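Asker: What follows is a single structure, and I will ask about it in a moment.
The values are calculated or read from the model by the stated rules, or taken from the named source; none is laboratory data. All figures in this text were calculated on a predicted structure; none of them were measured in a lab. We place every Cβ from the backbone using ideal geometry, glycine too, and count neighbours over all the protein chains shown. To get the accessible areas, we keep the full protein, side chains included, count just its heavy atoms, and leave off ligands, DNA and RNA. Shrake-Rupley method; radii C 1.70, N 1.55, O 1.52, S 1.80 Å.
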Amino acid sequence: MDRVSKLASQKAVVIFSKSTCCMCHAVKSLFYELGVSPAIYELDEDSRGKEMERALARLGCSPAVPAVFIGGKFVGSANTVMTYHLSGSLKRMLKDAGALWL
């Protein structure tokens, strides 16, 4: 849990992902299209990935990936991120976290 918290606070946008997950790819693409350069941690390529996946599940992320943190705060997974995007509030969150300038 400490490692997830530490990593999540190191950049304005952090995504915990799996390289083979199609929803993870969609979320990462969304942020890139918005002009955001998130820190991405591929849990299936990390020796402590299973441990981090369990920590994300304890935070309430179900499924455990993609797990998105903005400004060091857990936002949610793909459904939540897409809901924020469609409502227009995702850009505001990104601006507040310093991930977007415009």
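Asker: Can you tell me which of S19, S47 is without any contact (Cβ under 8 Å) to a residue 24 or more places away in the chain, part of a loop (DSSP other than H, G, I, E, B) and of a type in the set (S, T, N, Q)?
Answerer: Of S19, S47, the one residue that is without any contact (Cβ under 8 Å) to a residue 24 or more places away in the chain, part of a loop (DSSP other than H, G, I, E, B) and of a type in the set (S, T, N, Q) is S47.
Asker: Separate question: Considering only residues of segment 29-51 that are open to solvent by 80 Å² or more (accessible area, probe 1.4 Å) and farther than 20 Å from G98 by Cα, which is farthest from the chain's Cα centre (by Cα)?
Answerer: S47
Asker: Every residue in segment 6-53 that is of a type in the set (K, R) and more than 18 Å from F74 (Cβ to Cβ), please.
Answerer: If the condition is that a residue be of a type in the set (K, R) and more than 18 Å from F74 (Cβ to Cβ), then R48, K50 are the ones that fit.
Asker: Working only within segment 75-90, note down all residues that are within 10 Å of the chain's Cα centre (by Cα) and under 23 Å from L102 (Cα atoms).
Answerer: V75, V81
Asker: Just wondering, is there one or more residues in segment 53-63 that are in a helix (DSSP H, G or I), touching a strand residue (DSSP E or B) at 6+ places or on another chain (Cβ under 7 Å) and open to solvent by 50 Å² or more (accessible area, probe 1.4 Å)?
Answerer: yes
Asker: Looking at segment 74-98 only, could you name the residues that are free of Cβ contacts under 8 Å to residues at least 40 places away in the same chain and either in contact with a Gly (Cβ under 8 Å, 6 or more places away or on another chain) or open to solvent by 50 Å² or more (accessible area, probe 1.4 Å) (or both)?
Answerer: Selection gives N79, T83, Y84, L86, S87, R92, M93, K95, D96.
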